[in-house]
Amino acid sequence: MPERKKKDKTSDERMAVLQSGYQAILEFIDKMEQLIQFQDRIDIPSNIEQIWSVLLEDIRSLISIEACALFLVDEDSYEFVLNNVSPGEKESICRDEIRLQIECDMFSWVINRRQPSILPSLVFRDEKTIIMLPLSTMKRTLGVVLLLTSIEEESITRENIKLLTLLAKQCSLVMENTLLYENLRKEHDSLQEAQDQIIEAEKLASIGRLTAGASHEILNPLNIISSYIQFMLMDKNLDPGIMKYLNIMRGQSERISRIVKGLLQFSQYPNETMVEVNINDIILNALSVIEHEARANRIEIIMDFSNDLPVVMGNAENLSRAFFNLLSNSKDSLREGGTIRISTRIAPGSHDKSKGSNFIEITVEDNGCGISEDNINKIFEPFFSTKDTGDRTGLGLSISYGIIKEHGGNIDVKSGVNKGTVFIVTLPFKRETG
C-alpha cells in the first residue's frame, strides 16, 4: 500500500508538471498571437503618433504602468526630445527621470546596450521602478520608451521583458521606415519648390531677354504712329466717324506702349543701385498713390507698422512699384468697399543671430473677392489676369515678384474665393555688426 501511494503521488506530480507545461505553452501561444496582432496593427499606421498609440496599448496589456513616455532623437541636435507621454500630467516626472538617468550615466549605458533595462527610479528613489526600452535598428537609435511602474510589480517577468523587447524592435523598424518616408517626402517637396522657382525665374529671364532686344523695334514705329494720330486729331474739320476710330487707335497705341514698358522693367531693374531704405517709408509712398481712390471706393486702410525696423538694401523706386502693384491688386478686389490691412514686423526667428534668419515681413491683407484654387498658382505669371478691364496688362504681380526676388526676398500668397487675399513679403535686412 505505501508503494502504491508513492506511485500515485508521483503520477499526480507528473500530471501537475504536464498541466503547468501545457498552461505555459498556451500562454506562450497567446503571447505570440498578441505579437503577430501587434505586427499587423503597427504596419497600418502612417505617422509616429499612430505608431505610439498602438505600442502604448500593447505595453499596457503586458504590464501595469503609472506613466509611459516616448523620447525621440532630434535629427539636428541629436538630443532625446519628449514626443509623447501618457498620462499627460506625468510629463514633468518623465522629463526629470530621464534627466537624472543621463546625469548618472545610466541612460547612455542603456542606449549603448540596446536592450530593455529595469532600473530604480531616481525621482521616487526606492518607491518605483522604471523600464527603459531603447528604440534601435541596425543603422541608428531612434529614441527610447520610459515606463514607470510599482517596484512590487508582479508582471515584470522574464517572458514579458522578452515580449517588450520584441515590441520595441518591431516598433523601431516601422518608425524608421516612417521617418525615412517623411524625409523623402520633404526632400521631394523641397526639390519641387526649387524646380518651380527655377522655371519661374527662367520665364522672367526669357521675357527680359526678349524685351531687351525687341522693345526699341516696337516703340520706335509705335511712336511714329501715335504722332500721326495726334496730328490728325488736331484737324478741327475732321469727320466725327473718323475721329471716333482715331481715338480708338490712340487708346490701343497707348496700351501697347504700357505693355512694352512693363516688359522692359524685367530687364531694367536688376541693374539699379541699391541703397539703405526704410520699408515703412516705401509702403507709405506706395499708399499715397492709391489712397484717394481707395477712400472714394469706401475702402478702409489699416496700418500696423513696427517702428524699430532695420534698414533694407534696395532700390526705393522699384520697391515702391512692387508694393504699389500689391496694394492695387487688393484695391481692385474690393468692388463694394472693404478693408486693406498692411503690417510690418521683423520676421519670427530674426532676433536670434545664431539662426541667420534676418528678414522683415510685410503683410498686405484684404477681405475682397479672393482668388480661386485654380488660379492661385498662376497669379505671378506674366499676362495672367482675372480682371475684365481691357486696360489691364497682367504684368503687375509678375513685376512685383521679380523685384522682390531681385532684392533677395520672397512673396507668398494665401487666398480663397470670397475669403480675401493675404500677400506675405519677406525681405532681408542689414544687421548691425558689433
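The values are calculated or read from the model by the stated rules, or taken from the named source; none is laboratory data. None of the values given here were measured: they were computed from a predicted structure. Note: ideal-geometry Cβ built from the backbone for every residue, glycine included; neighbour counts use all protein chains shown. The protein model used for the area step is the full one, side chains on, heavy atoms only, and it has no ligands, DNA or RNA in it. Shrake-Rupley method; radii C 1.70, N 1.55, O 1.52, S 1.80 Å.
A compact table of results
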quantity	calculated
Accessible area in square angstrom per residue, region 107-177, 1.4 angstrom probe	50 Å²
At most 14 other Cβ within 10 Å, DSSP loop - trypsin sites (Lys or Arg not before Pro), region 284-347	R298
Residues whose placed amide H lies under 5 Å from that of G338, excluding near-sequence neighbours	I299, E300
Residue-by-residue Karplus 3J(HN,Hα) for region 338-348, coefficients 6.51, -1.76, 1.60, Hz, glycine and proline x	x, 9, 10, 10, 10, 10, 10, 6, 7, 4, x
